[in-house]
1. Order of 81-88, 109-116 by packing, highest average Cβ count within 10 Å first?
2. Classify region 202-280 as rounded, prolate or oblate, taking a ≥ b ≥ c as the square roots of the eigenvalues of its Cα gyration tensor: rounded when a/c is under 1.5, otherwise prolate if a/b is larger than b/c and oblate if not.
3. Using a ≥ b ≥ c from the Cα gyration tensor of region 113-259 (square roots of the eigenvalues), is it rounded, prolate or oblate, where a/c under 1.5 gives rounded and otherwise the larger of a/b and b/c decides, a/b for prolate?
4. Cα to Cα, under 19 Å, and not fewer than 8 places away if on the same chain: which lysines meet these conditions relative to K279?
5. Using the crude model of +1 on Lys and Arg Cβ and -1 on Asp and Glu Cβ, and no other charge, please compute the dipole size for region 61-207 relative to its Cα centre, in debye to 20.
6. Rg (Å, one decimal) plus Dmax (Å, integer) for the alpha carbons of region 185-233?
7. Taking the 0 to 90 degree range and rounding to the nearest ten, how far is the long axis of helix 135-147 tilted relative to the main principal axis of the chain, both from C-alpha atoms?
8. Mind putting a number on the dipole of the chain about its Cα centre? Charges go on the C-beta only, +1 for Lys and Arg and -1 for Asp and Glu, and I need it in Debye to the nearest 20.
Amino acid sequence: MKNELDMRRTIKLKHRVLNAVFTRRIVLARVLDGLKLFAAVSRIPLLGRLHPLTKPSNNYFTNLPMNVDIQADSVPLPPAIATELIKRAKYHHILDKCLCRHGRDCKKHNHDIGCLFLGASGLDVVPQFSRRVTAEEALAHVERGLADGLMPMIGRFRVDNYAFLLPDHHTLLGVCFCCDCCCFMNYYRPTPQELLEPIYPLLEGLEIKVTERCQACGRCTGTCRMRAITVKNGRAHHSERCRGCGRCASTCINNAVDIRITDSNYFEKTLEKFLTIAKI
């Protein structure tokens, strides 16, 4: 009885602390600055594979390109991955605000489209600014994010456990709705490729190609948060840093970026991977 009472008091105290941090923009901004510095430590030689934010056993996430034309023969398109995971999940929880956009006072996108959490651990997120929802409400939340021009990224993020003081029980899968200006994932931009690839791979079977329709206007370069696009010899080029978010395709006024799925089994492989890393 005493242990249960102590646990309740601890949880209540945790929620009060987090509520005080996340509802005050100036405090939240300093927390984000601290996380940026924490992420930078992962780039110190020999520390990267041990660092919580770049350790493969702690992190695995990928972009799901949406709101773009994707060439795929007789296979489900990437949005179907999010839909299927939401339908299979027993627990759905939504943050009332995106902490990144709120903390950075984003001027381009809605602050009120927060992360979607799948899995039982989502229930322990601070109740003052989150709520449990149905699968239908979760699907509607995804559509709302897409309508605002946000790009969904899905996976297991160790930073979520730190941010919400949650023990890691492998019961939390996050769907983040990212902008190119404020998202925490921008802190991974300088991460060495050998550390980035195991934790933040390109979606299985995804291929991005710039066609002859490219006019070398450079519009796409500013939309890539990984800074993976350069213009040379009259055409845009994607480096190995490209993570396949599809933002370049959605902003190209010449429809010069082709995105295609080359692996007919990509849907099953991706779904299996996510269901393996988190019980939802």
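Where a number appears in this text, it was derived from the coordinates with a stated rule and is not lab data. Keep in mind it's a predicted model, so treat the numbers as computed, not measured. For neighbour counting, all protein chains shown are included, and Cβ atoms are generated from backbone atoms with ideal geometry for every residue, glycine included.
1. Highest-to-lowest ranking by the protection proxy: 109-116, 81-88.
2. Cα axes put region 202-280 in the prolate bin.
3. Cα axes put region 113-259 in the prolate bin.
4. K87, K90, K269
5. Working: 14 positive and 18 negative charges, 108 e Å.
Computed about the Cα centre, the dipole is about 520 debye.
6. Calculated on Cα positions, Rg and Dmax stand at 13.0, 34 Å.
7. In the chain, helix 135-147 runs at an angle near 50 degrees to the longest axis.
8. Using only the charged Cβ atoms, the result is roughly 1160 debye.
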